[in-house]
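Here is the structure we will look at.
The values are calculated or read from the model by the stated rules, or taken from the named source; none is laboratory data. For clarity, every value in this text was computed on a predicted model and none was experimentally measured. Ideal geometry is used to build each Cβ from the backbone, glycine not excepted, and the neighbour counts take in all protein chains shown.
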Amino acid sequence: MDFELTEEQKMIQQAARDFAQRDLITDVIERDTKAEFPTQHVKKLAELGFLGMLTGVKYDGGGMDTVSYVLAMEEISKIDSSVAVIMSVNNSLVNHGLEHYCTEAQKEKYLKPLARGEVIGAFLLSEPEAGSDATSQRTTAEDKGDYYLVNGTKNWITNANSASTYILIAQTHPELKHKGINALIVEKNSPGITLGPHEDKMGMRSSDTHSVMFNDVKVPKENRIGEDGFGFKFAMKTLEGGRIGIAAQALGIASGAYERALKYSKERKAFGTEIFNHQSVCFKLAEMAIRIEAARLLTLKAAWLKDQEQPYGTASAMAKYWAAETAMWVTTEAVQIHGGYGYVKEYHVERLMREAKLTQIYEGTSEIQKIIVGRAICDQA
Amino acid sequence: MKILVCISHVPDTTTKIKFIDGKSLDTAGVQWIINPWDELALTRALELKESSNGLIDHVSVITVGGPDTEPTIRKALAIGADSAIRVNAAAGDTFFVAYQVAEAIKNSGFDIILAGIDSCDFNGSSFGSMLGEFLSITSVSSVSGVNFNGNDISVDREIDGGKEILSCPVPFVAIVQKGITKEPRIPSMRGIMTARTKPLAVVEPVACEALTEFLSFELPKHKASCRMVDPENVKELVELLRNEAKVI
Amino acid sequence: MSILIYAESREGMFKKSVFELASYAAAVAKMMNSQAIALVTGNPGQEEMKKLGNYGISKILSFYDESVKVFDSAICCQVIEAVVKKENCPLVIFQHNNTGKALAPRLSARLKAGLVTAVISLPESTKPFIVTKKVYTAKAFARVAIKTQVKILTLSQNSYMLTESKTDPAIEQFSIQLDKSQLKISVKEVQLLTGKILLTDAEIVVSGGRGMRGPENWQPIIDLAEALGAATACSRPVSDEGWRPHTEHVGQTGKIIAPNLYIACGISGAIQHMGGVGSAKVVVAINKDKDAPIFEIADYGIVGDVFKVLPELISAVKEHKAK
């Protein structure tokens, strides 16, 4: 066992930290308030190579390991989860699937620009009637010979407006249930695609989330990922990796709030001493540190398993569950430690608390993670 | 043309400085970085290379230090330097360091040498000028700009109340300060991955003795506590500044 | 055997810091049973040069070469070296400013003479020669010994009191044949900011931080500075954001200043900022956050809204000045 990071991993962590603490911090509150997309920051994210860091060098990516990705996601999420989620969707949901399950021609056309960060991607799975239960897809991709005809609505789509490339999950053979589902690469500017209004979210307000409507959208057959009916398996495999990204994000939210609370507790005085010296506060901070460390170890373990090409589905579910729950608990307590200051935007922790909530919900709710873990431990017994 | 950037390996600027028995820095938990002014110099060197239409084809970095300084050198390579030199010696005083650098590069044909104006460890503010003297070339201090005008290089030197724009034929040492570039460059993923494959030459030091010796260190005494003035009675502050502190 | 200072003049005048340097050199000379002399290169005129005598300088060497139109450290070091040899100087002291930082190291390398920069007090002993300097950007001090026969120092600004001791200095013209083949640079253009008090010279500095909320809110800082005859400064985030020019940035990586009075408005006081103002004699902090670290180094503090406090402070200062 080796807990030591490599020189490169430390450098990536530092690069992400510098980017977050130098650039993102400057307007994070303002963008959150105005629900403004971080266009300039995404450009820099691309320049630095974060948008394609997990993709192989062969496809113009950074060729980094998942451990590095977790480290970078944590640092960026300490400051700004809206930017982190853009990076996460691109890397773990879009690029990962394209790299592992697509043909060379598809990779050439779609993966390379994504890995270079020239364009960003979106992953379209959730529907108004199908969130956690991803098998009941109502969006259809009708086989019309040389193309698919797509109709339906997708919900809660991160990067919906800013993305150029969509990975769409849709039903082709309803009678085969989840074995009839396909994954298609869809260009966002295809005729027949319209966006719903920008969702006015509780947190991560600077990322653009919309519903996406498909009305007789023609998608060439060559844009199908894998064999006919591979879509559901594709989506589940992709989400396994995605969970690591969200676990890292939740970890960052938690550690960002913890760092702020710790600093505040050593500056703020009450009853004649820094509040850190009051056991009620000190114990809280100690517990934060313990829970966060556990979340970090779980997340890095899942990342390490993925890097070792070992099964990581259960590990990533454990990591995502624990990191998200930790983020929610730590941010709530961080607000409490800040008292009134915690409840105003200037001190960041209320925003981190709003962001934490989403990590318990998206890319598999905490309940879904427990189903995954539950099934795994049942199989073992 | 070739640019050399001299970098120094220093504790992060947020480090809480502590000493062991007043003799040496307590390095436990200290994070080491490229000296901030040197990092600005490196960033400017890379900007010059990128905008020079091929006129500048190589940016190199050099440091004097043991193997523990290599992560700092790798970071410089990750940021974009093409090659690096490490003089394998514990950094003595600035005279020693400047002499080692001069000896290591005197026949390497660098046209522009950039060094930060100060270092945030011993605050010597003297490396660049010493290097200029050892190499018998011009050194320009307090530089806030290095620019190309065609093939001519101009250097902005801060002076009291303004700046001079100097015409400066190569080779020269420019000792740079804030303003030389906007902010230090963050290494890209690609840069980090390629850093390990870039050449890092380790050269042995030449004989040279330090001329000064650091005997001991101490922390500043704590200031007496701050006297608070009621925001509703700002006049009192003026009274205090006049009668007690006697500064206005 | 004389202790030499390099007395820099600008537009025919010496700044106060030159007299501080003279006072310091005279005191060190006393410790070493020697005398303090000055090299002057800017041709400031007899009357101005004589002023050095008020601070214990016993002889002035004036060097002026009309043909040298640009300050070049290598050329200037030729002159200093010649003086050091002629007068057999065991110690040369410069100001720790742009000029001193350019000359002292060059001379050190040339003479193989040990150099300590940013010295803050008289030597604790002259045999061995031990001085104290700031290190880790004023977060600590170090005692440093110089081991060579000839020694060089730069003296931190505002770290030694003006000490009058009347002498009637002899003024000698000094001349050497310069090797101008070393002179490569030429001045193409000079850009001066006029009418402003220089930050590094200012006795009083009024500084604004992120708490000022934007460049459009800077007027109270400017007005207070004007009322006090002070220079304006800012913290790093402010110059990074482009609210104020980088020349105003005070802090570890910006300007290091040592005014008599530093008024920090809306500056929380990050450790790097303190590095730039640690040597100020009196620090006043105005901040709405009573837990801001700036209050730990401040001598006087007001916890309140800068936008309410500053106008009142400006009128109180004006009232005081009118008296």
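Take A:K109 and decide whether it is more than 19 Å from the chain's Cα centre (by Cα) and either touching a residue at least 12 places away in the same chain (Cβ under 8 Å) or exposed (fewer than 14 other Cβ atoms within 10 Å of the Cβ) (or both). No.
Annotation: of all residues in region C:38-73 being within 14 Å of chain B (Cβ to nearest Cβ) and among the charged types (D, E, K, R), the one that is surrounded by the fewest Cβ atoms within 10 Å (Cβ to Cβ) is C:K69.
The single residue among A:K233, A:K221 that is charged (D, E, K, R) and in contact (Cβ under 8 Å) with a residue 40 or more places away in the chain turns out to be A:K221. Of the residues A:R22, A:R31, the single one that is of a type in the set (K, R) and surrounded by fewer than 17 Cβ atoms within 10 Å (Cβ to Cβ) is A:R22. Can you find even one residue in region A:249-258 that is aromatic (F, W, Y), within 14 Å of chain C (Cβ to nearest Cβ) and in contact (Cβ under 8 Å) with a residue 12 or more places away in the chain? Scanning region A:249-258 turns up no residue that is aromatic (F, W, Y), within 14 Å of chain C (Cβ to nearest Cβ) and in contact (Cβ under 8 Å) with a residue 12 or more places away in the chain. Scanning region B:223-240 for residues that are more than 7 Å from chain C (Cβ to nearest Cβ) and either touching a Leu at 6+ places or on another chain (Cβ under 8 Å) or not hydrophobic (A, V, I, L, M, F, W, C) (or both) yields B:S225, B:D230, B:E232, B:N233, B:E236, B:E239.
To keep it simple, each residue is scored yes or no on (1) of a type outside the set (S, T, Y); (2) at pLDDT below 95; (3) outside any helix (DSSP H, G or I).
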position: C:A25; (1), (2), (3): yes, no, no
position: C:N43; (1), (2), (3): yes, yes, yes
position: C:S67; (1), (2), (3): no, yes, yes
position: C:F71; (1), (2), (3): yes, yes, yes
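What number of residues in region A:241-263 are in contact with a helix residue (DSSP H, G or I) (Cβ under 8 Å, 6 or more places away or on another chain) and surrounded by fewer than 23 Cβ atoms within 10 Å (Cβ to Cβ)? Within region A:241-263, residues that are in contact with a helix residue (DSSP H, G or I) (Cβ under 8 Å, 6 or more places away or on another chain) and surrounded by fewer than 23 Cβ atoms within 10 Å (Cβ to Cβ) number 3.
The requirement of being within 11 Å of chain C (Cβ to nearest Cβ) and under 21 Å from B:G116 (Cα atoms) is not satisfied by B:I248. Every condition in (1) surrounded by 16 or more Cβ atoms within 10 Å (Cβ to Cβ); (2) under 19 Å from the mean Cα position of the chain (by Cα); (3) touching a residue at least 40 places away in the same chain (Cβ under 8 Å); (4) more than 20 Å from A:V83 (Cα to Cα) holds for A:W156 except the one numbered (4).
Output yes when any residue across region B:7-24 is modelled with pLDDT of 95 or more, buried (at least 23 other Cβ atoms within 10 Å of the Cβ), farther than 22 Å from A:F19 by Cβ and within 13 Å of chain C (Cβ to nearest Cβ), and no when none is. No, region B:7-24 contains no residue that is modelled with pLDDT of 95 or more, buried (at least 23 other Cβ atoms within 10 Å of the Cβ), farther than 22 Å from A:F19 by Cβ and within 13 Å of chain C (Cβ to nearest Cβ).
State whether the residues of region C:297-305 include one that is at the interface with chain B (Cβ under 10 Å from one of its Cβ atoms), in contact (Cβ under 8 Å) with a residue 40 or more places away in the chain and of a type outside the set (D, E, K, R). No; the residues of region C:297-305 include none that is at the interface with chain B (Cβ under 10 Å from one of its Cβ atoms), in contact (Cβ under 8 Å) with a residue 40 or more places away in the chain and of a type outside the set (D, E, K, R). For region A:305-351, a residue qualifies if it is among the acidic types (D, E) and either modelled with pLDDT under 95 or within 30 Å of A:G374 (Cβ to Cβ) (or both), and the qualifying residues are A:D307, A:E309, A:E325, A:E333, A:E346. Scanning region A:9-19 for residues that are surrounded by 20 or more Cβ atoms within 10 Å (Cβ to Cβ) and touching a residue at least 60 places away in the same chain (Cβ under 8 Å) yields A:I12, A:A16. The single condition from (1) of a type in the set (A, V, I, L, M, F, W, C); (2) part of a helix (DSSP H, G or I); (3) under 25 Å from A:V83 (Cβ atoms) that A:I377 fails is (3). At least 3 residues being more than 7 Å from chain B (Cβ to nearest Cβ) is the threshold, and among the strands (runs of 3 or more DSSP E) wholly inside region C:88-175 those reaching it are C:91-95, C:129-135, C:151-155, C:170-173.
With the condition kept exactly as written, say whether any residue in region C:246-256 is of a type in the set (A, V, I, L, M), out of contact with any Leu (no Cβ under 6 Å at 6 or more places or on another chain) and either surrounded by fewer than 23 Cβ atoms within 10 Å (Cβ to Cβ) or at the interface with chain B (Cβ under 9 Å from one of its Cβ atoms) (or both). There is at least one residue in region C:246-256 that is of a type in the set (A, V, I, L, M), out of contact with any Leu (no Cβ under 6 Å at 6 or more places or on another chain) and either surrounded by fewer than 23 Cβ atoms within 10 Å (Cβ to Cβ) or at the interface with chain B (Cβ under 9 Å from one of its Cβ atoms) (or both).
The set of residues from region A:159-174 being surrounded by 15 or more Cβ atoms within 10 Å (Cβ to Cβ), out of contact with any Leu (no Cβ under 6 Å at 6 or more places or on another chain) and farther than 25 Å from A:A35 by Cβ comprises A:A170, A:Q171, A:T172, A:H173. The residue that is nearest to C:N97 (Cα to Cα), counting only those in region C:200-223 that are within 14 Å of chain B (Cβ to nearest Cβ), in a loop (DSSP other than H, G, I, E, B) and of a type outside the set (D, E), is C:T200.
Within region B:182-222, track down each residue that is assigned to a loop (DSSP other than H, G, I, E, B) and within 14 Å of chain A (Cβ to nearest Cβ). Answer for region B:182-222, where residues must be assigned to a loop (DSSP other than H, G, I, E, B) and within 14 Å of chain A (Cβ to nearest Cβ): B:K182, B:E183, B:P184, B:R185, B:I186, B:P187, B:S188, B:R196, B:T197, B:K198.
Kindly indicate which of A:D60, A:D2 is surrounded by fewer than 24 Cβ atoms within 10 Å (Cβ to Cβ) and at the interface with another protein chain (Cβ under 10 Å from one of its Cβ atoms).
Testing whether each residue is surrounded by fewer than 24 Cβ atoms within 10 Å (Cβ to Cβ) and at the interface with another protein chain (Cβ under 10 Å from one of its Cβ atoms) leaves just A:D60.
Can you pull out the strands (runs of 3 or more DSSP E) entirely within region B:40-153 that have at least 3 residues that are surrounded by fewer than 20 Cβ atoms within 10 Å (Cβ to Cβ) and either out of contact with any Asp or Glu (no Cβ under 6 Å at 6 or more places or on another chain) or among the small types (G, A, S) (or both)? It would help to see each step written out before you state the result.
Values: elements: B:58-64, B:83-87, B:112-116, B:138-149.
It comes to B:138-149.
Which of the numbered conditions does B:F172 fail, given that it passes all the others? Conditions: (1) buried (at least 18 other Cβ atoms within 10 Å of the Cβ); (2) more than 14 Å from chain A (Cβ to nearest Cβ); (3) closer than 25 Å to C:C234 by Cα. Against the list (1) buried (at least 18 other Cβ atoms within 10 Å of the Cβ); (2) more than 14 Å from chain A (Cβ to nearest Cβ); (3) closer than 25 Å to C:C234 by Cα, B:F172 comes up short only on (3). Within region C:49-70, residues that are among the polar types (S, T, N, Q) have Cβ atoms under 7 Å from residues that are part of a helix (DSSP H, G or I) in these pairs: C:S62/C:M49, counting only partners at least 6 apart in sequence or on another chain.
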